[in-house]
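Working notes, structure below.
The values are calculated or read from the model by the stated rules, or taken from the named source; none is laboratory data. Since we're looking at a predicted model, the values are computed, not measured. So basically every Cβ, Gly included, is an ideal-geometry build from the backbone, and we count neighbours across all protein chains shown. Just so you know, the surface numbers come from the protein's heavy atoms only, side chains and all, with ligands and any DNA or RNA stripped out. Shrake-Rupley method; radii C 1.70, N 1.55, O 1.52, S 1.80 Å.
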Amino acid sequence: MKLVMLGAPGAGKGTQANMIAEKYGIPHISTGDIFRANIKEGTDLGKEAKSYMDKGELVPDELTVRLLLDRVSKDDCKDGYVLDGFPRTIPQAEVLEKELEKNGDRIDKAVNVDVPDENIVNRMSGRRACLKCGATYHIVHIPPRKEGICDNCGSELVQRDDDKEETVKNRLKVYHEQTAPLIEFYSSRNVLETVDGTKPSEDVFANICSILG
Ligand code: AMP
């Protein structure tokens, strides 16, 4: 099963992608997590990505696509994957589609986690992330068991630079201009499913599971 998660930054698609990956036994692939891991390791890729991420802008398609195609060619992806944060532009979606077509394959479902803009800024200011394992929390909606500490790996939780308010506003603008058109793109491929992302995360997950079967 090959899935794409769509939705504004902070809509909760990362949380859902994590749960889907666990339930269906497929890898959760987040381009944002891959960039952050590279930033942490101080690689050239990380340095280049950081200059865009800190401003709330997208990393150029060329770089992002190369990284993603390399990741999905790995052995653990042969039975499928859930993509979180990719594609983020129409050209990215087109390259992925062409690549899959080479093997007579396609994206099975694009799940759009729908949350209105007014909820987003509020949500993201409460978001906390584990830079070690990539898990995300919310100080009110999805608190960790112990304040400030990751449930999964025990590392300290932080507010990501790109979750700060000014950056969030820019990320939303970029989302509407460049990423939201993907809703129409996947709708025209008859694979789009939209779920109400304002509900509690376990209800959103139940909804997604009923769609995926
Ligand atoms: P995320 O963790 O998915 O919210 O991504 C954090 C940041 O990484 C984004 O604001 C972008 O700067 C960058 N990024 C992640 N995925 C992509 C992508 N598919 N295309 C371009 N930039 C991306």
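Below, the figures for the structure above:
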item: In the range 131-147, the residues that are within 18 Å of ALA21 (Cβ to Cβ), free of Cβ contacts under 8 Å to residues at least 60 places away in the same chain and more than 15 Å from the chain's Cα centre (by Cα); result: LYS132
item: Those residues of the range 95-130 which are under 17 Å from the mean Cα position of the chain (by Cα) and polar (S, T, N, Q), in sequence order; result: ASN112
item: Any chance LYS40 is closer than 18 Å to ALA129 by Cβ, of a type in the set (Lys, Arg) and modelled with pLDDT under 95; result: yes
item: Within the range 1-40, considering residues that are assigned to a helix (DSSP H, G or I) and basic (Lys, Arg), the one most open to solvent (accessible area, probe 1.4 Å); result: LYS40
item: Any hit, the range 60-82, residues being within 10 Å of the ligand (Cβ to nearest atom) and either in contact with a Gly (Cβ under 9 Å, 6 or more places away or on another chain) or open to solvent by 70 Å² or more (accessible area, probe 1.4 Å) (or both); result: no
item: Criterion violated by SER187 - all others in (1) in contact (Cβ under 8 Å) with a residue 40 or more places away in the chain; (2) within 25 Å of LYS2 (Cα to Cα); (3) in contact with a strand residue (DSSP E or B) (Cβ under 9 Å, 6 or more places away or on another chain); (4) not basic (Lys, Arg) satisfied; result: (1)
item: Which numbered condition GLN159 misses (of (1) loosely packed, with under 14 Cβ neighbours inside 10 Å; (2) more than 25 Å from PHE185 (Cβ to Cβ)); result: (1)
item: Residue among SER125, SER188 that alone is surrounded by fewer than 13 Cβ atoms within 10 Å (Cβ to Cβ) and among the small types (Gly, Ala, Ser); result: SER188
item: Filter result for the condition that a residue is more than 9 Å from the ligand (Cβ to nearest atom) and of a type in the set (Gly, Ala, Ser), over ALA93, ALA129; result: ALA93
item: Contacts under 9 angstrom Cβ, first residue in the range 148-166 being at negative phi, partner surrounded by fewer than 13 Cβ atoms within 10 Å (Cβ to Cβ) and outside any loop (DSSP other than H, G, I, E, B), 6 or more apart; result: ILE149/GLU156; CYS150/GLU156
item: Per-region count, the range 46-59, residues touching a Leu at 6+ places or on another chain (Cβ under 9 Å) and near the ligand (Cβ under 8 Å from one of its atoms); result: 4
